[in-house]
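**Q** Can you keep this structure in mind? I'll have questions shortly.
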Amino acid sequence: MKATVHLDTQHHVGPIDRRVFSGFLEHLGRAVYEGVYDPGNPRSDEQGFRQDVLEALRPLGMATVRYPGGNFVSCYDWKDGIGPLESSPPSAHSASSSSNYDWKDGIGPLESRAARPDYAWRTIESNQFGTDQFMAWSRQLDTEPMMAVNLGTGNTADAAALLEYCNLPGGTYWADQRTRHGNAEPYGAKLWCLGNEMDGPWQAGHVPAAVYAQRAWQAGQMMKGLDPTIETVACGSSHRNMRTYLEWDREVLEYCWDHVDYISAHRYSENRRDDSAWYLAEGLEIDRTLEDYAGLLNYVRGVKKSGKRVYLSFDEWNVWYRARDGDGHWQTAPHLLEEVYNLEDALVCAQYLTSFLRRADVLKIACMAQIVNVIAPILTRPEGLLRQSIYYPFALLSRYAHGRSLTPVIHGPTYQAGDRGEAPVLDAAASYDEETGQTAIFLINRSQGEELTVEIDLADRRFAGAGTVDLLGGGDVKAANSWEDPHRVVPVQGSAALTEENRLRVRVPAPGLAVVRATVAG
């Protein structure tokens, strides 16, 4: 099969925000404990941070990491997780508290960190890893924190107190508490989620859109009053299948438009029907979601007669359908949601990223959920870690997608993707960095049986050479990395040819991903 991709460096949707390559760390299963934080493990440093995990995460280039949830954030008192790690008996109030979100549980002796029940995942939260630990870990990873506040069972004053703790220089109660805990310099967290999935009946503190919008407006106003430099993310719809999809978002946006910067969207992809042809066309649904939000944001901007723009934060996305049991049976750091990923999952994750690049005009933040052990690209054992198949598309696109997002015009074959109808065999995105003269083209072949030969034409410039190619895939869509065979699905070097017409020609495996990089001449 053959296809062509036509590009023009002047035909683009704007700059790529590096925050589209971000992650998510929730207090869930072994994401934190035995994941990023494992005191006593010889692979951990003196702060308890797994250094092999940090080394594996660095090539992903995550610009920001969202924390601490997720559903967890609506059942979480952030003040339980600050102060020294040494345990002492909690206060009488703490010992008798029936809710793990009474902020008073976190005051009293600084050396006290009470274990609490997490009602979101039915686990025990030790609170040994909290705000200060997350900030220190973020510095080691060289990523920016994306903090979430509890607007489910929490309130505006508590959200403002957390901002004060993180960002104010000193001279106020919570900022001084941070100093007492050994961190005199403010953390300067600039990105704040106003709750999580508040449209979902499963969320602790779920309320109708009108009520949530008031909470978000109030919290955002108070938080920006304390630190006008922050940006805030209002909760949008948890999924396209929600009964209130887009209507919830519209109501929240119309109420909060002047006081928020982003609206969130979440999506988890699945192949329960075991229909790979259908599943490999998942990018069509991702594109449609982004188109929905682009239209909604323009609509509300028009209704408000506003010169301001609000953008999209796709701050939970991944494949998730096998490991669905989220009941931790009141254990500490149980094995929960430890999905094992294969090649077709990796290609779906690649399609999330190519969709995000093509809508760089609307989408500014996107967080893979999650980063370690829990529906994650990395799995750990005490003695080491495993990079799953979905690790590699993220690493490749994060490394090479820089500058402007070009608008590809694709000509090629289609195939029948079940009830999704006719789907293009080729999915593509491209970037061009004017400063370096580098272009990168990301090509996904959805065909399971036939290699795809793609020619890439650059209308207004010339390729200076054939460049380099990384290939991922080919063969069994169910192929997966394992502890016994950790390199079954990994990138290999490919090649491209430069034709007489100055087109790049590359072969994309079936099914598979090709990442083509070339220098562009003026």
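The values are calculated or read from the model by the stated rules, or taken from the named source; none is laboratory data. Everything numeric in this text was worked out from a predicted model, so none of it was measured. Methodologically, a virtual Cβ is constructed for each residue, glycine included, from the backbone with ideal geometry; neighbour enumeration extends over all protein chains shown. Accessible surface is based on the protein model in full, side chains and every heavy atom, while ligands, DNA and RNA are left aside. Shrake-Rupley method; radii C 1.70, N 1.55, O 1.52, S 1.80 Å.
Per-residue answers, yes or no, for (1) under 25 Å from the mean Cα position of the chain (by Cα); (2) charged (D, E, K, R); (3) surrounded by 14 or more Cβ atoms within 10 Å (Cβ to Cβ); (4) modelled with pLDDT under 95:
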| site | (1), (2), (3), (4) |
| --- | --- |
| Ala466 | no, no, yes, yes |
| Gly473 | yes, no, yes, no |
| Asn481 | yes, no, yes, no |
| Pro491 | yes, no, yes, no |
| Leu498 | no, no, yes, no |
| Ala510 | no, no, yes, no |
| Gly522 | no, no, no, yes |
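**Q** Looking at the stretch 355-366, I want the residues that are open to solvent by 10 Å² or more (accessible area, probe 1.4 Å) and have a partner that is of a type in the set (S, T, N, Q) with Cβ atoms under 7 Å, at least 6 apart or on another chain. Which pairs are those?
**A** Arg358/Ser405; Lys364/Ser313
**Q** Separate question: Have a look at Val348, Val340 and point out the one that is touching a helix residue (DSSP H, G or I) at 6+ places or on another chain (Cβ under 7 Å) and farther than 21 Å from Thr64 by Cβ. Full working, then the answer.
**A** Numbers: Val340 fails: touching a helix residue (DSSP H, G or I) at 6+ places or on another chain (Cβ under 7 Å).
Among Val348, Val340, only Val348 is touching a helix residue (DSSP H, G or I) at 6+ places or on another chain (Cβ under 7 Å) and farther than 21 Å from Thr64 by Cβ.
**Q** Select from the stretch 221-241 the residues that are more than 26 Å from Ala157 (Cβ to Cβ), surrounded by fewer than 18 Cβ atoms within 10 Å (Cβ to Cβ) and modelled with pLDDT of 95 or more and list them in ascending order.
**A** Scanning the stretch 221-241 gives no hits.
**Q** Among the helices (runs of 4 or more DSSP H) lying completely within the stretch 141-246, list those that include at least 3 residues that are under 20 Å from Ser264 (Cα atoms) and not hydroxyl-bearing (Ser, Thr, Tyr). If you could, list the steps in order and put the result at the bottom.
**A** On the way: elements: 156-167, 173-180, 209-226.
Here the list reads 209-226.
**Q** In this structure, is Ala234 small (Gly, Ala, Ser) and either free of Cβ contacts under 8 Å to residues at least 60 places away in the same chain or closer than 18 Å to Tyr311 by Cβ (or both)?
**A** On the way: small (Gly, Ala, Ser): yes; either free of Cβ contacts under 8 Å to residues at least 60 places away in the same chain or closer than 18 Å to Tyr311 by Cβ (or both): yes.
Yes, satisfied.
**Q** Would you confirm whether any residue within the stretch 444-453 is within 23 Å of Leu357 (Cα to Cα) and of a type in the set (A, V, I, L, M, F, W, C)?
**A** First pass over the stretch 444-453, keeping only residues within 23 Å of Leu357 (Cα to Cα): 444-447, 452-453.
From what's left, of a type in the set (A, V, I, L, M, F, W, C): 444, 452.
Yes, there is a match, as at least one residue in the stretch 444-453 is within 23 Å of Leu357 (Cα to Cα) and of a type in the set (A, V, I, L, M, F, W, C).
**Q** Have a look at Leu163, Leu168, Leu191 and point out the one that is open to solvent by less than 40 Å² (accessible area, probe 1.4 Å), touching a Ser or Thr at 6+ places or on another chain (Cβ under 8 Å), closer than 24 Å to Val260 by Cα and not β-branched (Val, Ile, Thr).
**A** Numbers: Leu163 fails: touching a Ser or Thr at 6+ places or on another chain (Cβ under 8 Å); Leu168 fails: touching a Ser or Thr at 6+ places or on another chain (Cβ under 8 Å).
Selected residue: Leu191, the only one of Leu163, Leu168, Leu191 that is open to solvent by less than 40 Å² (accessible area, probe 1.4 Å), touching a Ser or Thr at 6+ places or on another chain (Cβ under 8 Å), closer than 24 Å to Val260 by Cα and not β-branched (Val, Ile, Thr).
**Q** Could you list, in sequence order, the residues of the stretch 483-492 that are within 17 Å of Phe394 (Cα to Cα) and touching a Leu at 6+ places or on another chain (Cβ under 8 Å)?
**A** Listed by number, the residues that qualify are Val489, Val490, Pro491, Val492.
**Q** Could you count how many residues in the stretch 247-272 are open to solvent by less than 10 Å² (accessible area, probe 1.4 Å) and assigned to a loop (DSSP other than H, G, I, E, B)?
**A** The number of residues fulfilling the criteria is 2.
**Q** What number of residues in the stretch 272-305 are over 18 Å from the mean Cα position of the chain (by Cα) and within 15 Å of Tyr352 (Cα to Cα)?
**A** Residues of the stretch 272-305 over 18 Å from the mean Cα position of the chain (by Cα): 272-281, 284, 288, 291-292, 294-305.
Okay, now just the ones that are also within 15 Å of Tyr352 (Cα to Cα), so 279-281, 284, 288, 291.
Within the stretch 272-305, residues that are over 18 Å from the mean Cα position of the chain (by Cα) and within 15 Å of Tyr352 (Cα to Cα) number 6.
**Q** Still on this structure, please answer the following. Could you say which residue among Arg50, Arg19 is open to solvent by 10 Å² or more (accessible area, probe 1.4 Å), at pLDDT 95 or above and not aliphatic (A, V, I, L, M)?
**A** Working: Arg50 fails: open to solvent by 10 Å² or more (accessible area, probe 1.4 Å).
Residue meeting the stated conditions: Arg19.
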